[in-house]
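Rule-based calculations on the coordinates, nothing more; no lab input. Just so we're clear, the structure is a prediction, and the values are computed from it rather than from any experiment.
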Amino acid sequence: MSDFKAAPTPDEELRRAARNMQSPGALPALDLGLGIQEDVPSGFIASDETRLQTEDTQKKSSLNGLAELKRKESLIQEIQTIRRSIEALKSETPASSSP
């Protein structure tokens, strides 16, 4: 005899098995995926509150990303303006100061 004992079957498994009992017949019953929330263990499904918090976090993150992108584009535009000004100053010929 072994010292190890099998874990009891969780209630969720018993309910799932009882719901899927097939009546005797020639063809097996088709599982069309209806009632998938009952098939998935409750620990794998996020509550609505958690889902809403996740969506809010994603929205804030995307808004921060948009603000950051606008800031970067503004800085790039400013750098390009400065470079054009430098090129314009370099291309100008210095005036002779000799009389």
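Using θ = phi - 60° and the Karplus relation 6.51 cos²θ - 1.76 cosθ + 1.60, list the HN-Hα couplings for the range 53-68 in order, rounded to whole Hz, with x at every Gly or Pro.
My calculation for the range 53-68 gives 5, 5, 5, 4, 4, 5, 5, 4, 5, 5, 5, 5, x, 5, 5, 5 Hz in order.
In terms of Cα to Cα distance under 23 Å, which lysines are near enough to LYS59, apart from those fewer than 8 places away along the same chain?
In chain and number order, the partners are LYS70, LYS72.
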